[in-house]
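Presented below is the structure to which this report refers.
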């Protein structure tokens, strides 16, 4: 990066950087946000930046908090959660942002880092975390695999209850457990939804079931406590179809049916914005931090306004 954060702030103070306050733009479809659907940002695409830079981008885009990665390769390595998470939560508050959601790789209650992560997160005011992903593998049958993971999740749920925190499993397209969504119902049907359930991802659900995804959403509705928000389209890559994430509204997700169903089924909870399309065009990564922030904030704000527009449209 060509400019340190100190230099960047000096540039802002000098008034040479103007980031448009898009929240003041008069847009009849853009609401003021919703207390039932607080907006957070999944930090992954910004994890290589200084944390205050991340906060500046998130706040400037009109988001209210950060869904912070606390996993191997994330913003916080699991072994460092005790020292770093409280500091990041405090720094976020100075930007009027919440860190009440984190993303983990937790897959076992017996891993000593699991207890450390959940204990620290709960003490810091984190209410929701995302689990890692289970895999089917080739040795066991699908049914046997699900029964094995039911027992694993039962043990994790005991920790969730102990620390009064919700663990959400994200459905992810491919061969992961949860890709069809129906298998998640088998995993969660006997677990208390206030402690363990679904971080529902409509993008991945539609990739696996272009028309049937709505059935899985209805099936899992009682266990949905958080929602991952992103869009996609199909492209041909080396003669094979591939689902590619795009900015909200530029893809194939049926947003009207999605938000209408959230309203009708009274599904509520934080929405975490997943930006898995490139922020920068070729060469823009070499721009100054101030210019990078302008680009990032502009693209994030477009997605945020899109979400708020639908929340307003369906009055939720």
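Brief remarks follow.
- Once the chain from residue 264 to residue 186 is taken as fully extended at 0.36 nm per residue, the excess over their C-alpha distance is 25.7 nm.
- Angstrom value of the Kirkwood radius, inverse mean 1/r, which spans all Cα pairs in the stretch 224-284: 13.6
- Antiparallel DSSP beta bridges within the stretch 134-232, percent to nearest 5: 10
- Of all DSSP bridge pairs formed entirely within the chain, close to 20 percent run antiparallel.
- Mean ellipticity per residue at 222 nm, deg cm²/dmol - from DSSP H runs of n ≥ 4 across the chain, formula -39500 (n - 2.57): -12500 deg cm²/dmol
- Approximate spin-label separation residue 108-residue 212, in nm, with each point projected 7 Å along Cα-to-Cβ: 3.3
- Only beta bridges with both residues in the stretch 206-309 are counted; by DSSP, about 70 percent of them are antiparallel.
- For the chain: relative contact order, % (alpha-carbon pairs under 8 angstrom, 6 or more apart): 21
- The residues 84, 68, when put in order of fewest to most other Cβ atoms within 10 Å, stand as 84, 68.
- For the stretch 187-285, averaging the sequence separation of C-alpha pairs within contact (under 8 Å, six or more residues apart) and dividing by the residue count gives a relative contact order of 27 percent.
- A full extension of the chain between residue 242 and residue 35 corresponds to an added length of 71.0 nm, given 0.36 nm per residue minus the alpha carbon distance.
- The chain, Rg to Rh (Cα coordinates; Rh as Kirkwood inverse mean 1/r): 0.96
- Cut-off 17 Å (backbone N to label point 7 Å along Cα→Cβ of residue 302), residues of the stretch 226-242: 230-233
- Most mobile listed residue (146, 159, 287) in the chain, GNM with C-alpha springs under 10 Å: 287
- Highest-MSF residue in the chain out of 128, 88, 136 [GNM, Cα springs under 10 Å]: 136
- When each of the peptides 246-256, 303-313, 53-63, 270-280 is scored by how many other beta carbons lie within 10 Å of its residues on average, the order from highest to lowest is 53-63, 303-313, 270-280, 246-256.
- Between the C-alpha center of the stretch 213-289 and that of the stretch 59-87 there is a gap of 21 Å.
Just so you know, all these numbers are worked out from the coordinates, no wet-lab data involved. Values in this document were obtained by computation on a predicted structure and should not be read as measured data. Note that we place each Cβ from the backbone using ideal geometry, even for glycine, and neighbour counts take in every protein chain shown.
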